[in-house]
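Asks: Shown below is the structure under consideration.
The values are calculated or read from the model by the stated rules, or taken from the named source; none is laboratory data. Everything quoted here is computed from the prediction, not taken from an experiment. A quick note on method: Cβ atoms are made from the backbone with ideal geometry, for glycine too, and the neighbour counts reach across all protein chains shown.
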Amino acid sequence: MPNTPSSVRPAVPGPGGSQDWYRIKNAMDAGGSPVAEIRIYGDIGSWGITAAQFVEELSAIDAPEIMLNLSSPGGDVFDGLAVHNALRSHRAKVIVQVDALAASIASVIAMAGDRIIAAPHSQFMVHNAQGVTAGEASELREYADFLERQSDNIAAVYAERAGGTVKQWRKLMDATTWFFADEAVAAGLADEVGKPERQTEDDRAIAAAWDLSVYNYAHERREDAPAPLIEAEAPPATSPAPVVELPAFDPAAFRAAATAALDPMPGYQPEHLRSLMAGVAGDAPAAPEPVRPAAPYVPRPVDQAPAADPQEVAVGCFRSLFAGVANDAPAAPPPAAPAPTAEAPQTVYVPEPPPPAGQVVADYLRAVMTDVANNAPAPPGAPQPEPLVPEPVQAIDPSAVRRALWEAEL
């Protein structure tokens, strides 16, 4: 199966035999502000130390500024892209200084800086993605297409940061182009060339640590490579404007056209044409009237003021006085509203409950017997009794009488 694209070279330990390719520490700048210092001085992602550890330590940095010193021959493409994106997305301002070499994927990491400084005599190198694979012809073709896509992706990083197009950067990558510090600034890979500083013994050891002969680069250093050829993209070709050929002048045709223009049209009727033109003139909008400037106000001379009638002056004076008094007089108080009276309570009629059914029947029988006794003739010789007061026969509810009889079991 295809392997991860990287340069065809053995993994080389860092200066002094160290097996780490980066170091992060906290420091202070010249003004006493906190700054995080990162040194990438090794083969990116080599010796089992991948970008995952770098990104984890980078996320813990709270300093407002990161100073990244870079000197690397390159390394694993995907680890380098992970480092690039982690630096781009960090909240701190990132300043990248290429101390000696930013080659291959290390030059992509350099593009993550908000400000990129090329140290004097430092070098950049761009080339296509490389890798090693084995397999059938179809697998090799697939891996070749894979490397082409990775190279286009890397060229897009250069175009985004340095300008130009992916096509232009692919040409430079095809030629394995090396840049000195000033050439990198001209190409847009760096913003400025740094000021010379006195190197320490560690810096000189780091600069001399890389034996580029073990790397599969087209050239081992900028001195062995041709000057960068940065071609400006030619503007799209435009087709020339078509040439309009004028017809040859024919005097006879010109004379015939002039004669036809002077002759009236066939069936020419002057009155009809005049009426048509009058209609067009009538429908045409009228021309706007010119705006005349307003006449300036000239006050009437005092000596020409008309004489006022004394009677009218007096009437007007009294009228204004009476109107003022009427306006200043207090308004008449509103009529007092009658005091609210308590509403009489509403009488609610509650019918009395009907008497029991047995009582109704007894009252009815008593009334009937009283009526019979009053109407019966007295026995002969018996004293005439006082007539009983007849009791009115109340209206009987048949259902009540029926229920009373049922209760009496009659």
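Asks: If you go through region 30-43 one residue at a time, how many are within 18 Å of LEU70 (Cβ to Cβ) and either modelled with pLDDT under 90 or in a loop (DSSP other than H, G, I, E, B) (or both)?
Replies: 3
Asks: Hey, does region 115-133 have a residue that's within 26 Å of HIS90 (Cα to Cα), surrounded by fewer than 18 Cβ atoms within 10 Å (Cβ to Cβ) and out of contact with any Lys or Arg (no Cβ under 6 Å at 6 or more places or on another chain)?
Replies: Yes: region 115-133 contains one or more residues that are within 26 Å of HIS90 (Cα to Cα), surrounded by fewer than 18 Cβ atoms within 10 Å (Cβ to Cβ) and out of contact with any Lys or Arg (no Cβ under 6 Å at 6 or more places or on another chain).
Asks: Among PHE54, PHE78, which is surrounded by 21 or more Cβ atoms within 10 Å (Cβ to Cβ), farther than 18 Å from LEU189 by Cβ and at pLDDT below 95?
Replies: On the way: PHE78 fails: surrounded by 21 or more Cβ atoms within 10 Å (Cβ to Cβ).
Result of the check over PHE54, PHE78: PHE54.
Asks: Tally up the residues in region 44-67 that are of a type in the set (Phe, Trp, Tyr) and part of a helix (DSSP H, G or I), please.
Replies: 1
Asks: Separate question: Cβ-Cβ below 7 Å, separation at least six or inter-chain, first residue in region 120-134 and closer than 13 Å to ASP152 by Cα, second modelled with pLDDT of 90 or more and among the hydroxyl-bearing types (Ser, Thr, Tyr): which pairs?
Replies: Listed pairs, sorted by first residue: VAL126/SER107; VAL126/TYR158; VAL126/THR177; HIS127/SER104; HIS127/THR176; ASN128/SER151; ALA129/SER151.
Asks: A further question on this structure: Which condition number does PRO266 fail, the rest of (1) at pLDDT below 70; (2) within 30 Å of ALA181 (Cα to Cα); (3) exposed (fewer than 10 other Cβ atoms within 10 Å of the Cβ); (4) not small (Gly, Ala, Ser) being met?
Replies: Of the numbered conditions (1) at pLDDT below 70; (2) within 30 Å of ALA181 (Cα to Cα); (3) exposed (fewer than 10 other Cβ atoms within 10 Å of the Cβ); (4) not small (Gly, Ala, Ser), the odd one out for PRO266 is (2).
Asks: Considering every residue within region 110-123, establish whether at least one is within 13 Å of ALA51 (Cβ to Cβ) and within 34 Å of the chain's Cα centre (by Cα).
Replies: Yes: region 110-123 contains one or more residues that are within 13 Å of ALA51 (Cβ to Cβ) and within 34 Å of the chain's Cα centre (by Cα).
Asks: Going by what's in this entry, would PRO387 be described as surrounded by fewer than 10 Cβ atoms within 10 Å (Cβ to Cβ), at pLDDT 70 or above and part of a loop (DSSP other than H, G, I, E, B)?
Replies: Answer is no for this residue.
Asks: With respect to GLU233, determine if the residue is touching a Lys or Arg at 6+ places or on another chain (Cβ under 9 Å), part of a loop (DSSP other than H, G, I, E, B), at pLDDT below 70 and loosely packed, with under 12 Cβ neighbours inside 10 Å.
Replies: Values: touching a Lys or Arg at 6+ places or on another chain (Cβ under 9 Å): yes; part of a loop (DSSP other than H, G, I, E, B): yes; at pLDDT below 70: yes; loosely packed, with under 12 Cβ neighbours inside 10 Å: yes.
Considered against the rule, which asks whether it is touching a Lys or Arg at 6+ places or on another chain (Cβ under 9 Å), part of a loop (DSSP other than H, G, I, E, B), at pLDDT below 70 and loosely packed, with under 12 Cβ neighbours inside 10 Å, GLU233 comes out as yes.
Asks: Considering every residue within region 161-173, establish whether at least one is in contact with a strand residue (DSSP E or B) (Cβ under 6 Å, 6 or more places away or on another chain) and in contact (Cβ under 8 Å) with a residue 24 or more places away in the chain. Give the steps one after another, and end with the answer.
Replies: Initial filter on region 161-173 (in contact with a strand residue (DSSP E or B) (Cβ under 6 Å, 6 or more places away or on another chain)): 172-173.
Cutting the leftovers down to in contact (Cβ under 8 Å) with a residue 24 or more places away in the chain gives us 172-173.
Yes; the residues of region 161-173 include at least one that is in contact with a strand residue (DSSP E or B) (Cβ under 6 Å, 6 or more places away or on another chain) and in contact (Cβ under 8 Å) with a residue 24 or more places away in the chain.
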